[in-house]
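Here the structure comes first, spelled out in structure tokens, and everything after it is commentary.
Nothing in this text is a laboratory measurement; each read-out follows from the coordinates by a stated rule. Just so you know, these numbers come straight off a predicted model, no measurement behind them. Cβ sites come from the backbone with ideal geometry, for glycine too, and all protein chains shown count toward neighbours.
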Amino acid sequence: MEITEVKVKVVESKNDRLQAFCSITIDNCFVIRDLKIIEGAKGAFVAMPSRKIMGKCPHCSAKNHIKARFCNECGVQLTEGDKAKGAKLHADIAHPINSECRNLLQDKILEVYEKEKAIFLQQFAGQPA
């Protein structure tokens, strides 16, 4: 497997842990979008794309986030949010299945991120806030 392209979009917010969004192309034929670069306690890391886990409204059967208090469709108060305490809120869409693959992805992505971050900071260094 070869990562043939990495695109990074640095986020402008200074107070958020989210540093950038990125997409990768593998072997010039497979794209994974919406990876996130997060600033953690031990430095930056790559978070894989994920989706919110949904539950059904008992009244209208519309899908709502598992922690939602009210249905987005009919407005009825939901009780499932109370049961979701400690439940998993997001499910990975794509992820590496071993640490070797994760390290390969993360090292390549963070290398490109550091270059893009330097360019971003250089562009905005002289501009007034």
Looks like the stretch 88-129, by Cα gyration tensor root eigenvalues a ≥ b ≥ c and the a/c under 1.5 rounded cutoff (else prolate when a/b is bigger than b/c, oblate otherwise), is oblate
Mean residue ellipticity at 222 nm from the helices of the chain, using -39,500 (n - 2.57) per DSSP H segment of n ≥ 4 over the full residue count, to the nearest 500 deg cm²/dmol? -7500 deg cm²/dmol
Give the shape of the stretch 13-91 as rounded, prolate or oblate, defined through the alpha-carbon gyration tensor: a ≥ b ≥ c are the square roots of its eigenvalues, a/c under 1.5 means rounded, and otherwise the shape is prolate if a/b is larger than b/c and oblate if not. prolate
Of the candidates 16, 107, 34, which one comes out as most mobile in a Gaussian network treatment of the chain with C-alpha springs shorter than 10 Å? 16
For the charge dipole of the chain, defined by +1 on Lys and Arg C-beta atoms and -1 on Asp and Glu C-beta atoms about the Cα centroid, which residue among 61, 46, 124 has the Cα displaced farthest towards the positive pole? 61
List the lysines whose Cα sits under 20 Å from the Cα of residue 7, skipping any in the same chain fewer than 8 residues away. 36, 108, 115, 117
In percent, what relative contact order does the chain have, based on Cα pairs under 8 Å that are 6 or more apart in sequence? 21 percent
What is the helix-to-structure angle for 99-124, meaning the angle in degrees between its Cα long axis and the longest Cα principal axis of the chain, kept from 0 to 90 and rounded to the nearest 10? 70 degrees
Around residue 50, what is the net charge, scoring Lys/Arg as +1 and Asp/Glu as -1 over all other residues with Cβ under 11 Å from its Cβ? +2
With charges only on Cβ, +1 for K and R and -1 for D and E, what is the dipole size of the chain about its Cα centre, in debye, rounded to 20? 620 debye
Residue 29-residue 111 FRET efficiency (beta carbon distance; Förster radius 22 Å; 0.05 resolution): 0.50
